[in-house]
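As structure tokens, the structure follows; a few thoughts come after it.
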Amino acid sequence: MRQIKVLVVDDHHDFRRVVTDFLSQVPNVDIVGEAIDGDEAIEKAETLSPDVILMDVMMPKRSGIEATRIIKQSWPNIKVMVEILYDNPVYRAQALEAKADGFIIKSSMKPGLEATFGIAKAAPITNIL
């Protein structure tokens, strides 16, 4: 099976660490990098060519929504999963407009990651790959 290259983008170090620690235990998932804001996410999308980006919505400098829009315009094959703190219809609408491939609610991060990467016993919520 092919390795899925993942870029984790969040301005909170502890949150990035939890996500990367969890995903590092998943077969066929390779964490290729981390970024702390939208500008760095765009730079790393270009240099690292990830398959999937886990993108926080609210970050300094450039928001996750703006970064998602730029990434999807420049590299449409990269899947961007937007992380939202709670199920906010405004963020969902903005993310959809930016061409995000899906959402993960941070309070349900583990089940969201399991579904996204097909490691849950239940059927995936979204099949992004």
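Here, each number is a calculation from the coordinates, and none is a lab measurement. On a predicted model such as this, the values are computed, not experimentally measured, just so you know. Virtual Cβ from ideal backbone geometry, glycine too; neighbours counted across all protein chains shown.
Summary table below
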quantity: Expected-Rg normalisation [2.2 N^0.38 Å, Cα atoms] applied to the chain; calculated: 0.94
quantity: Estimated FRET transfer efficiency when R0 is 25 angstrom, pair Glu43-Leu96 (beta carbons, to 0.05); calculated: 0.55
quantity: Pairwise label distance in nanometres, Asp87 with His13, each label 7 Å out on the Cα-Cβ vector; calculated: 3.4 nm
quantity: Cross-link pairs Lys44/Lys110; Lys72/Lys110; Lys79/Lys110 - those with Cα-Cα distance over 21 Å; calculated: Lys44/Lys110; Lys72/Lys110
quantity: Calculated [θ] (222 nm, deg cm²/dmol) that DSSP helices of n ≥ 4 give over the chain, each run adding -39,500 (n - 2.57); calculated: -11500 deg cm²/dmol
